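So the structure is just underneath, and the comments pick up after that.
The values are calculated or read from the model by the stated rules, or taken from the named source; none is laboratory data. From a predicted model like this one, the values you see are computed outputs, not experimental measurements. All Cβ positions, glycine included, derive from the backbone under ideal geometry; neighbour counts span all protein chains shown.
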Amino acid sequence: MKSLNLWVAVVITGLVALPVGAENASQVRQLLSSKACANCDLRGADLRGAKLGNANLQGADLTRANLRGADLTGADLSGTDLRHADLRGANLSYAKLDDADLRGANLEGANLRGTDLERRRPGEFGGKSILRTIPAPR
C-alpha cells in the first residue's frame, strides 16, 4: 500500500510540474531552422533571444510565448496571436503586424521602429491591430 501511495504521489507531482505552455517542439525546431512557420501552434514557446529576422509567422499562435530579446526585424507577424506574449526588449523593427492581436503583450523596451505601432500613441491603436495597453515598467 505504501508503494502505491508513493507511486501516486510521484505521478501527481510529475503532472503538476508539467509546463503550462502547449508549444509544439517540432514546430519550434522548424521555425528556428527555416525561419518559416506560418499558422504554427507556438503557444507558450520559449523563444528568448531567438534570431528570427524576416521570419514568416503569418497566422501563428504565439499566445504566452516568451520572445524576450528576440530579433524579429522585418518578420511577417500578420494575423498572429501574440496575446500575453513577452516581447520585452525584442527587436520588431519593420515587422508586419497587420491584424496581429497584441492584447496583454509586454512590449517594454521593444524596438517598434518602422512598424505601424511606432507611429501611434497608446490608445490610438485603431484598425485591426489590437493593442490596448503597454504594461508600465515595474
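Could you list all residues from segment 28-75 that are surrounded by fewer than 18 Cβ atoms within 10 Å (Cβ to Cβ) and outside any loop (DSSP other than H, G, I, E, B)?
Once the filter is applied, which keeps residues that are surrounded by fewer than 18 Cβ atoms within 10 Å (Cβ to Cβ) and outside any loop (DSSP other than H, G, I, E, B), segment 28-75 yields R29, Q30, L32, S33, S34, A36, D41, D46, K51.
Being over 11 Å from the mean Cα position of the chain (by Cα) and either closer than 17 Å to L117 by Cβ or not small (G, A, S) (or both) narrows it down to one residue among G59, G49, G74; which is it?
After ruling out the rest, the residue left standing is G74.
Could you tell me how many of the residues in segment 102-138 are at positive phi and at pLDDT 55 or above?
Within segment 102-138, residues that are at positive phi and at pLDDT 55 or above number 3.
On the basis of being part of a loop (DSSP other than H, G, I, E, B) and modelled with pLDDT of 95 or more, does G21 make the cut?
For G21, the condition - part of a loop (DSSP other than H, G, I, E, B) and modelled with pLDDT of 95 or more - is not met.
All but one of (1) surrounded by fewer than 17 Cβ atoms within 10 Å (Cβ to Cβ); (2) at positive phi; (3) of a type outside the set (A, V, I, L, M); (4) within 12 Å of the chain's Cα centre (by Cα) hold for D99; state the number of the condition that does not hold.
(4) is the only condition that D99 fails.
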